[in-house]
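Below you'll find the structure, written out as structure tokens, and then a few comments.
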Amino acid sequence: MTAEALAFLGAQPERTAIFEAVEAAVAELGESAMEVKRSQISWKAPRLFAALSLPLRVGRHWPEGALVLTFGLGRRLEHPRIFQAAEPYPGRWTHHVVLTCPGTWTER
């Protein structure tokens, strides 16, 4: 984990554990580049395919230490853990999942 990623996560143990689980899963997919920005940590190969961000507090009651995983697919994925899916371009679906602890998002 880079110093930038640790700073983004606020050195919170829950978020750090989630990040490490996502980072390990992304590494299993093959070579990619991680980039830490002000609003998210993203992975590209060469295009952005996944990102972790802090949940917005507006209008929702997110669990403490949660992160939002955003990922793209060529089709819509239906799953109870996906709280939002959008098709910004034909055939490109963006999905959002709230992660509260490592491992729960890999169940399916």
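Every residue, every condition in (1) under 17 Å from Cys101 (Cα atoms); (2) surrounded by fewer than 16 Cβ atoms within 10 Å (Cβ to Cβ); (3) in contact with a Cys (Cβ under 7 Å, 6 or more places away or on another chain), yes or no:
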| position | (1), (2), (3) |
| --- | --- |
| Val26 | yes, no, no |
| Leu29 | no, yes, no |
| Met34 | no, no, no |
| Pro46 | no, yes, no |
| Val68 | yes, no, no |
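Would you check if there is a residue in segment 78-96 being modelled with pLDDT of 90 or more and under 17 Å from Glu14 (Cβ atoms)? No, segment 78-96 has no match at all.
The values are calculated or read from the model by the stated rules, or taken from the named source; none is laboratory data. Here the structure is a predicted model, which means the values were calculated and not measured. Cβ coordinates were reconstructed from backbone atoms using ideal geometry, including for glycine residues, and neighbour counts include every protein chain displayed.
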